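Down below is the structure, laid out as structure tokens.
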Ligand SMILES: [Zn+2]
């Protein structure tokens, strides 16, 4: 009885190890998750100067106002 339980336990450990190993291997091939592309779509613009567009928050180079998220 005890040996059977031990074998099941070992089999479970191996299964978990294989799953963790395979998931790690797939995650390394996909370096960028889907969420990073959504963040990159966000653009920031000056409320006073529509021509000023930046992909990250900051200040307008023309008037120094903080850039707002463009929707
Ligand atoms: Zn401006």
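The values are calculated or read from the model by the stated rules, or taken from the named source; none is laboratory data. Since the structure is predicted, the reported quantities are computational estimates derived from the model, not experimental observations. Cβ sites come from the backbone with ideal geometry, for glycine too, and all protein chains shown count toward neighbours.
Miscellaneous remarks
- All positions within the stretch 45-67 that are near the ligand (Cβ under 7 Å from one of its atoms) and loosely packed, with under 12 Cβ neighbours inside 10 Å: 48, 62, 63
- Every pair of residues 6+ apart whose Cβ atoms lie under 7 Å, when the first sits in the stretch 51-71 and is in contact (Cβ under 8 Å) with a residue 60 or more places away in the chain while the second is more than 10 Å from the ligand (Cβ to nearest atom): none
- Residue match in the stretch 20-28 (condition: in a loop (DSSP other than H, G, I, E, B) and either at pLDDT 95 or above or surrounded by fewer than 10 Cβ atoms within 10 Å (Cβ to Cβ) (or both)): no
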